[in-house]
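Structure, as structure tokens:
Every number in this text was worked out from the coordinates using simple rules, so none of it is lab data. Computed from a predicted model, the values in this text were never measured in an experiment. Because the Cβ atoms are built from the backbone with ideal geometry, glycine has one as well, and the counts that use them run over all protein chains shown.
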Amino acid sequence: MEDSERKTCIVCGENKEEGITVVTEFICTSCESEMVHTNTEDERYPFFVRQLKQLWVRFHA
Ligand SMILES: [Zn+2]
């Protein structure tokens, strides 16, 4: 039996199995690909940047 661990995505707040972990935070695959494809002029872009900034701050601290 496989013990699949679910983590809470910091962007959408949902529990997902697939995704990437940056430092201590988890981003699901759908949010990750969404971010990659989000144009800087998209209204959701500032939201993504704000979420990611929390990671970069910790990462570079
Ligand atoms: Zn997500």
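Brief remarks follow.
- Virtual spin-label span in nm between Leu55 and Glu43, 7 Å along Cα→Cβ: 2.5
- Unit charges on C-beta of K, R, D, E only; dipole of the chain, Debye: 360
- Think of it as helices only: each DSSP H run of n ≥ 4 in the chain is worth -39500 (n - 2.57), and spread over all residues that comes to -13000 deg cm²/dmol at 222 nm.
- Relative contact order for the chain: 25 percent, from Cα pairs under 8 Å spaced at least 6 residues apart, divided by residue count.
- Evaluated at q = 0.16, 0.23 Å⁻¹: base-10 log I(q)/I(0), Debye formula over Cα of the chain: -0.53, -0.96
- Extreme residue, positive dipole direction of the chain, given options Asn15, Gln51, Thr38 (C-beta unit charges): Gln51
- Summarising the amide proton neighbourhood of Val22: residues at separation of 5 or more, or on other chains, whose placed amide H is nearer than 5 Å comprise Ile27.
- For Val11, residues with placed amide H under 5 Å, excluding near neighbours: Cys28
- HN-Hα J in Hz across region 30-39 - Karplus 6.51, -1.76, 1.60, θ = phi - 60°, x for Gly and Pro: 5, 5, 4, 5, 5, 5, 4, 8, 7, 6
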